[in-house]
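What follows is one structure encoded as structure tokens, with my remarks underneath.
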Amino acid sequence: MHKPMHKLFIAAAFLLLAEGAVAGTTAAPANAYLYIGWPNDGQVLPAGRPFKVWFGLRNMGVAPKDVSFPNTGHHHLLIDTDLPSPDQEIPSDRNHLHFGAGETETTVELPPGRHTLQLLMGDDKHLPHNPPVYSRKITITVR
């Protein structure tokens with residue numbers, strides 16, 4: 001009877017360790033809500049002109065990178081890409097824009113076509129929170 005319980009305990013411990021590796025170590029409030037305030041999903045925007053992207057966040061604060069304060073993080077705008085691995089640093093490239101100064105909006109210009117936009121919060125080390133805080137992915141058209 002002890003051996004099966006021991007194996008069950010080891011299996012449960014493995015699962016807990018695996019779940020802990022799913023995201024960064026910085027806690028996020030369970031009720032944190034991240035969203036794109038502008039543009040709207042389905043929006044058609046004129047080509048050749050920059051447009052504003054407004055970041056919305058509830059039940060969590062914004063702090064610059066390298067500032068470790070409870071229930072805070074900084075924004076990352078994901079353009080035409082999926083969410084990165086939650087247990088690794090968020091990439092910094094043309095598809096993963098970092099806003100480490102604590103910005104809550106930006107201006108971007110995209111080529112004509114359909115594009116996706118999504119926000120992801122990162123902690124002071126550019127890691128997603130635990131649980132990850134991200135917005136719904138929206139689609140816009142530039143023409």
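Here is how the numbers come out for the structure above:
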{"item": "Residues (assigned to a loop (DSSP other than H, G, I, E, B) and modelled with pLDDT under 50) located in segment 13-25", "result": "Ala21"}
{"item": "Residues that are in a loop (DSSP other than H, G, I, E, B) and either of a type in the set (S, T, N, Q) or over 16 Å from Tyr134 (Cβ atoms) (or both), drawn from segment 26-46", "result": "Thr26, Asn31, Pro39, Asn40, Gly42, Gln43, Pro46"}
{"item": "In segment 86-143, the residues that are within 28 Å of Pro70 (Cβ to Cβ) and of a type in the set (Lys, Arg)", "result": "Lys125, Arg136, Lys137"}
{"item": "Segments classed as strands (runs of 3 or more DSSP E), wholly inside segment 71-143, with at least 1 members that are within 14 Å of the chain's Cα centre (by Cα) and touching a residue at least 24 places away in the same chain (Cβ under 8 Å)", "result": "72-79, 96-99, 113-122, 138-142"}
{"item": "Scan of segment 92-143 for residues that are charged (D, E, K, R), within 18 Å of Gly48 (Cα to Cα) and surrounded by 13 or more Cβ atoms within 10 Å (Cβ to Cβ), ordered by number", "result": "none"}
{"item": "Subset of segment 40-70 [touching a Lys or Arg at 6+ places or on another chain (Cβ under 9 Å) and free of Cβ contacts under 8 Å to residues at least 40 places away in the same chain]", "result": "none"}
{"item": "Search result, residues across segment 47-72 that are under 13 Å from Ser135 (Cβ atoms) and surrounded by 13 or more Cβ atoms within 10 Å (Cβ to Cβ)", "result": "Val53, Phe55, Gly56, Leu57, Met60"}
{"item": "So Gly113, is it of a type in the set (Gly, Ala, Ser) and under 16 Å from Gly61 (Cα atoms)", "result": "no"}
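The values are calculated or read from the model by the stated rules, or taken from the named source; none is laboratory data. Since this is a predicted model, take the numbers as computed values, not measurements. Positions of Cβ are backbone-derived with ideal geometry, glycine not excepted, and every protein chain shown enters the neighbour counts.
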